[in-house]
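Here is the structure we will look at, set down as structure tokens.
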Amino acid sequence: MKQTQESEDLIERYLLGELPVAERTALENEYLADKAKYDQVCRVEDDLLYRYARGALSTADRERVERQYLTNPWRRRHLEFAKALVQVIDGELATRSAAKQTSDISWGAKLGALPRGMRGVLRLIPAIAALLLISGGTWLAIQTSRLRVRLREAQHEVEAQQQRAQTQSRQITELETQYKRLTEEHESLLAQLLAAQKAGSLRLAPVLLTISVDAFRSPVAQGTQTLLIPPGAPGAQLRLNLSENAFRSYRVTLIAEDGREAFRKNGLKPRADKAGDFVIVNLPANRLTNGDNVLSLSGISPKGEVEPLGRTLIKVRGR
């Protein structure tokens, strides 16, 4: 329990920008490689933003949160969501409180305001209610139980249909992305072959591979890319398509299958064409080894702060 609290305190200091560079880098490498650690970072962040929206932080911590989150478009959305959530919860609590106060008005006062004859009728109401409860209580309980069962079944069916629809939509999107990538790779290889035949030489151009930044946010199993390196190729050129360009520069890191850092490139400037914003990364052939390589992408803020954006798995073949 103490170790967990110390870990959460360390994460909160990281979110507030209080960790030294070495500790911050070590923590980022840890939660990029460990999904459980990444989930813990998300939980601590949610709790920190909820306390900020509630006004439960100290003045110094509030200033640190605003300095870390209001200047970053990705984090600013998290902060705005936390504020909106607190407003919804407070509004619901206020509505329930008002309804309870209205229901607490004395029934004795209301009864005293009625005519005497009407009061006599009202005094019979408890006895009538008791008879109705005795005769109809069992039937009502059975009907209520049946309705609850049907409601649960309907809810489960709706959730199952929504999940199937989401799965199918995701599969279609992945297949379309794979088809587009394979088409681009095929056209690139064909162009290289024609150029080699025309020049009478077997020298090859770098292998081209296009990856969407969304692949970095997917689970590693779903974000797997295959990179075929033919003999003689000088390396690979990666085009990383950015669905949202929120940084002035980016960092790319390649971790080999044995866990060593095989390649790192800082200060990658985003470019733009008709298809959108993108970043070009040139991977030398001598930095690529057969097997599963992890490619990590991070954004670098104007202050030099590194914001991890995710990672994807690249299977290198042919080296």
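No value in this document is a laboratory result; all are computed from the given coordinates. It should be emphasised that the depicted structure is a prediction, and the values quoted were computed from it without experimental measurement. Virtual Cβ from ideal backbone geometry, glycine too; neighbours counted across all protein chains shown.
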*Give me the distance between the Cα centres of segment 16-88 and segment 257-319, rounded to whole Å.*
25
*Mind listing the long-range amide H neighbours of S212? Cut-off is under 5 Å, sequence gap 5 or more, other chains count too, H placed in the peptide plane at 1.01 Å from N.*
N241
*How big is segment 225-319 on each of its three principal axes, counting only the C-alpha atoms and giving the largest first in Å?*
38, 31, 18
_Applying a 10 Å radius around every beta-carbon, put 228-236, 162-170 in order of their mean neighbour count, most first._
228-236, 162-170
*What do you get when you divide the Cα radius of gyration of segment 2-79 by 2.2 N^0.38 Å, with N the number of residues?*
1.07
*Within the set of other residues whose C-beta is less than 14 Å from the C-beta of R271, count the net charge using Lys and Arg as +1 and Asp and Glu as -1.*
+2
*Tell me the label-point distance for the pair E8, K303, using the 7 Å Cα-to-Cβ offset, in nm and rounded to one decimal.*
2.6
*Output ³J(HN,Hα) for segment 168-176: one whole-Hz value per residue in order, computed from phi by the Karplus curve 6.51 cos²θ - 1.76 cosθ + 1.60 with θ = phi - 60°, and x for Gly and Pro.*
5, 5, 5, 5, 5, 4, 5, 5, 5
*Packing rank of 290-299, 7-16, where each peptide gets the mean count of other beta carbons within 10 Å, highest leading*: 290-299, 7-16
